[in-house]
1. Work out how much length GLN15 to ARG173 would gain on full extension: take 0.36 nm times their residue separation and subtract the Cα-Cα distance, in nm to one decimal.
2. Got a sec? Charge dipole of the chain, +1 on Cβ for Lys and Arg, -1 for Asp and Glu; which of TRP270, VAL324, ASN195 is way out at the positive end?
3. Going Cα to Cα from LYS294, which aspartates and glutamates come in below 15 Å? Please leave out same-chain ones fewer than 8 positions away.
4. Express the relative contact order of segment 222-368 as a whole percentage, based on alpha carbon pairs under 8 Å and six or more residues apart in sequence.
5. Quickly work out the GLU118-to-ASP67 label distance, labels modelled 7 Å from Cα along the C-beta direction, and quote it in nm with one decimal.
6. Output the pairs from LYS55/LYS175; LYS257/LYS305; LYS9/LYS102; LYS213/LYS289; LYS83/LYS185; LYS213/LYS250 with a Cα-Cα distance over 30 Å in this structure; if there are none, say none.
7. Rounded to the nearest 5, what is the percent of antiparallel bridges among the DSSP beta bridges in segment 357-450?
8. Between segment 23-84 and segment 225-248, what is the C-alpha centre distance in whole Å?
Amino acid sequence: MAEAQAGTKRLNDLQTMVSLAKRRGLVFQSSEIYGGLNSCWDYGPLGAQLKMNVKRAWWNAMTRREDIVGLDASILMHPTVWKASGHVDGFSDPLVDCKTCKTRFRSDNTESYLQRKECPNCGGKDLTEPRQFNLMFKTHMGPAEDAASVVYLRPETAQGIFVNFENVRESSRRKLPFGIAQIGKSFRNEITPGNFIFRTREFEQMEMQYFVKPGTDSDWYEKWKKTRWQFFLDLGIREENLRFHDHGPKELAHYAKAAVDVQYQFPFGWQELEGVHNRSDFDLTQHMKFSNKKLEYFDEATKEKFVPYVIETAVGCDRLVLVVLCDAYREEVSIDEETGKPDTRVVLGFHPELAPTKAAVLPLSKKQELADPSMRLRDRLAREFDVAYDETGSIGKRYRRQDEIGTPYCITMDFESLNDQKVTVRHRDTMKQDRISIEQVENYLRDGLRAFHVR
Ligand code: GAP
């Protein structure tokens, strides 16, 4: 048997994260009591908080800029939107069926099919010809289920921004360049969803369209590439796990003049996290054509009229949550000096802004004389922070529980606290402990969270 080694291990298989996420109430399989619904996931108490924090970080990074405003458009839109955008005709993947084992798969990125035209599941060669499968979910609006009532669940949030370009520009008296940011659900009937919350059929997107004067678009594209890279670093994502992947001419979407993916090194390999696209004037021009409404911009200074170009940044919220989880995970193995046995501490080293819980209040004993003031401290802190309270199990176990969900601080109240009015604050990453006055806890947390050094 290999001897256990002290040191730090990072996440190298997704299943470890799926199990932790379920055990600790981050993410559950949707409809689990009915056997689950493929590729749909529910966020539990801590997951919902984590996701909210991820959204808030993105929303603030965007809308607190002077040049960006927010929007919340509806999921159902006029069906002509999707004709104009190109989704009705072009938003499809080539689908192939294996007649032997009945597996259905995407033929454009299935290695065995591309190389030898054989089924990725059974190796069979009796396959149907690839046919285009539109990824939009269709439904009907109103009681009649006929062709006239067809509407789609939006496959991207971006179109809600384009069709509101003029409303937003006028109502918020914007001059170019300016951006519109939106967070919301999108739906795609993906042929091969998978890898936990990486690719699902229902997901949330965080998209921003930045409207610029033609000719300045390439500069803005470069600026946004840098800004988005920095955003991920600011969230504490390790830079060695990020890279850019420029789209070659064959990869470019029909609307794009230039495009780059920010990729992350997941346990299952390098994959797209975010797309930054120069969409030219494609979308606004299309919507002008299909709606017969003017979506041009009049530049007062130069007296020019033109259709703005758009630089888009588009990141999946669920995908970013997965990145945050994978990147934060570590196992610290130490060897017990007495027994020589390995001891493993699992930590989610979240950036404090993202941590679902900022601090946990832990009375050393369940006795009323400690539990009451501890609960009072919890309630007091909850006015300002997301805090937890835990009185069950040994203090060591409780520390470990909080480490595993990434709580930056544990605050322990002991019998001495009743005399000296002090508590012990323990740090998640260093496990260092400070004894501080109960009165000072808010200040301590505020300063600590602000100055947090990550991992
Ligand atoms: N408006 C442009 C657009 O939607 P995209 O590259 O198709 O571009 C943007 O999607 C981002 O949305 C992706 O980088 C990914 O993070 C996320 N995304 C796309 N499809 C997804 C899916 N099926 N499940 C989870 N996230 C997805």
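Bear in mind these aren't lab numbers, they're just calculated from the coordinates by the rules spelled out. These figures come from a predicted structure and were not determined experimentally. Neighbour counts run over all protein chains shown; Cβ positions are idealised from the backbone, glycine included.
1. The span from GLN15 to ARG173 would gain 51.9 nm if fully extended.
2. Toward the positive end, the furthest listed residue is ASN195.
3. GLU166, GLU170, ASP281, ASP283, GLU304
4. Dividing the mean separation by the residue count of segment 222-368 yields 18 percent.
5. That separation, rounded to one decimal, is 5.5 nm.
6. LYS9/LYS102
7. If I count the DSSP bridges inside segment 357-450, around 55 percent turn out antiparallel.
8. 21 Å
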